[in-house]
1. If a/c stays under 1.5 just call it rounded; otherwise compare a/b with b/c (prolate if a/b is bigger, oblate if not). Do that for the range 2-162, with a ≥ b ≥ c from the square roots of the Cα gyration tensor eigenvalues.
2. Want the number for residue 52 to residue 16: 0.36 nm per residue separation, take away the alpha-carbon distance, what's left?
3. Lys and Arg at +1, Asp and Glu at -1: add these up for the other residues within a Cβ distance under 13 Å of residue 52 and post the number.
4. Once both labels are modelled 7 Å past Cα along the beta-carbon direction, what's the residue 159-residue 75 spacing in nm?
5. Taking the highest mean first, how do the peptides 70-77, 115-122, 24-31 order by number of other beta carbon atoms within 10 angstrom per residue?
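We did not get these values from a lab; they are worked out from the coordinates using the rules stated. On a predicted model such as this, the values are computed, not experimentally measured, just so you know. Backbone-built Cβ (ideal geometry, glycine too); neighbour counts: all protein chains shown.
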Amino acid sequence: MEAEDAVRQAYEAHYRRLVTQVFGLVGELAEAEDAVHEAFARVLAAPRSFLEAEDAERWLRVAALNIARTRYRRRWLFDRLVRSGRVEVAPPVPGISGDRVALVAALRRLAPPTREVVVLHHVADLPVAEVAVTLGIPVGTVKARLARGRTALARLLSDEESTPLSGEAPPASSGGEPARLSGEEPAPLPREVRHA
C-alpha cells in the first residue's frame, strides 16, 4: 500500500508539470501524457528505486524522458521507412494553435540534446545544475546548449517562413535524418539517462 500512496501523492503533485516538460520535448500532448503515464506505471510495477529516491519528481522526470527518447528512436526509424516508401502514413491532425504551436515547432527543429536542455531549463524552470544532473551531463555542456538553443530559437521565431505550420513534421534532410539548423552539431539519437 505504501507504493500506491506514494504514487498517488506524486501523481497529484507532479503530473501536470511533468507532462508540460515532456510536451516541450516531443511537441505532442498525447505523446507527452503517454510517456508520463508509463513512468507512473513503471513505478507501480517496480517501486523500490522510486521509494528510495531522494527526489520523486526528478526520478519520474528521468523515467519519462527516457521513455520519450525510446519513442523518439522508434519514430525516427518509422520515419525512415515512410521516406523510403515502404510504409504509408495518414496526414497529421492539426494540433493546438497560436504561439505555442510556433514555439513547439521551433523546439522540434533543434537538435534533441539542445531541445532537452532548453525545455528543462525554460519550460520546467530547472536550474542549470539540476538540468545537468537530470541529463547526466556537465554543467558547462548545459550552458553551451542553452546558448545555442536560445540563439536558434530567436532566429526561428523571428523568421515566420522557417516555422512549420501546426501538425507538420520538421523538415527532413535527404540523408534520412531529421533536419538541423545550419551550424548545429549532428543530432545523434538521444541516450538513456540512468537514475541516480
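1. oblate
2. In short, 10.7 nm is gained.
3. That sum, taken over residues with Cβ under 13 Å, equals -1.
4. Label at residue 159, label at residue 75, 2.3 nm between them.
5. Most protected by this proxy first, the peptides run 115-122, 24-31, 70-77.
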